[in-house]
Amino acid sequence: MSIDIKGPFIVTGASGQLGSQVIENLLAQGAEPLVAITRTPEKLAALLGRGVDVRAGDFNDPATLGAAFAGGGRLLIISTDDLEPGKRLAAHRNAIAAAQDAGVSHIVYTSLTNPDESSPITFAADHRETEALIKQTGIPHTILRNCLYADLLLQSGQQAINAGALYAAAGEGKAGYVTREDCARAAAAALLSETGSTLRDITGPEVVGHAEIAAILSKVSGKKIPYVSITRDALVEAMVKNGLPEFVADVFSSFDVAIATENLDVASHEVEKLTGQKAESVRDFLLANKTALTGQA
């Protein structure tokens, strides 16, 4: 590390997909002491042999958080993924209160692109209000407003290739899709280097629309995959028919509405500024994941 920032470096949600990648980034950069917080410590037993302090902690159980955050340090709060209304914000409130009590010196938080009141994304308010709670603490902080994961396109892309068309309710809108790997690199870098209080849009290098995604899928699959714009109601109906609960379909369809209304039409170079390495484009990501999309090497 180039500047004198001292840990411990604490990562919540450390057994999740994003958190586990953040931990690997920190280990590769020699961050220590390193603390991994998880509801399921048994899943991270292998990290103990790598010098990581694995602690039990559950945002929904405030009684567990005192010991989890004990000793203070620099804390990465990875947003929970609970879709039950109100539960995510309550969990975040518990984590922020515990961080204050523990004397945490810096908070990094994974938020959402443009979570203001105009956002049609169903859980935008959770992020907006969490950001406000963090600011109210007076603790120096870094808000990382992550755009939609490019990784989500693997499932929808596979479905499009199988169906022969990419169906979405995104209209002609575009989004700054960013890979989970780039979000993890950015979060690790912020935890290791950020000072003061900053807000950063974590996105891919360019905004991409569904017509462009369909063209990439056509290249990957070797067959013509058109983009077919449909209504949100039709999208929800299709998701429910494929087995999703209606409230979950409502959440996922709200992403398309946000794209259509240009709420996610943001591209920045913050990943490169934080990490020294450019963010991966949607095109490169999908081409690199041909096997996952088509089942063929």
So, in nm, how far is label K6 from label R93 when the simple model puts each one 7 Å beyond its Cα toward the Cβ? 3.5
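With a Förster radius of 35 Å, plug the Cβ-Cβ distance of K219 and D116 into 1/(1 + (r/R0)^6) and report the FRET value to the nearest 0.05.
0.45
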Could you name the aspartates and glutamates in cross-link range of K273, using Cα to Cα under 18 Å and dropping any fewer than eight places away on the same chain? E181, D182, E194, D201, E206
Would you mind telling me which residue in G73, G209, G196 has the biggest mean-square fluctuation in a Gaussian network model of the chain, where springs connect alpha carbons within a distance under 10 angstrom? G196
Going down the table (K135/K278; K6/K135; K219/K290), which pairs top 18 Å between alpha carbons? K135/K278; K6/K135
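So what's the net charge close to V35: Lys and Arg +1, Asp and Glu -1, counting the other residues with Cβ under 11 Å from its Cβ? Let's see the in-between values first.
Values: positive: R55, R74; negative: E32, D53.
Once positives and negatives cancel, what remains is 0.
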How high is the FRET efficiency between I230 and D61 when r is their beta carbon distance and R₀ equals 51 Å, given to the nearest 0.05? 0.75
Could you work out [θ]222 nm for the chain from helices alone, using -39500 (n - 2.57) per DSSP H run of at least four and dividing by all its residues? Round to the nearest 500 deg cm²/dmol. -13000 deg cm²/dmol
Charge sum, other residues only, whose C-beta stays under 11 Å from R180's C-beta, Lys/Arg counted +1 and Asp/Glu -1: -3
Radius 15 Å from Cβ of L235, net charge of other residues (Lys, Arg +1; Asp, Glu -1): -3
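Mind giving me the FRET efficiency for E129 and A165? R0 is 35 Å, r the Cβ-Cβ distance, nearest 0.05 is fine.
0.35
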Of G16, G86, A56, farthest towards positive along the dipole that unit charges on Lys, Arg, Asp, Glu beta carbons give segment 1-135: A56
Separation of the S197 and N242 label points, Cα + 7 Å toward Cβ, nm: 4.1
In the chain, whole DSSP H helices that both stretch 15 Å or further along their axis by alpha carbon positions and average at least 0.0 on the Kyte-Doolittle scale are 17-28, 152-163, 180-193, 210-221, 246-260
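Bear in mind these aren't lab numbers, they're just calculated from the coordinates by the rules spelled out. The shown structure was predicted, so the numbers you read here are calculated from the model rather than taken from an experiment. Don't worry about glycine lacking a Cβ; one is built from the backbone with ideal geometry, like all the others, and counts go over all protein chains shown.
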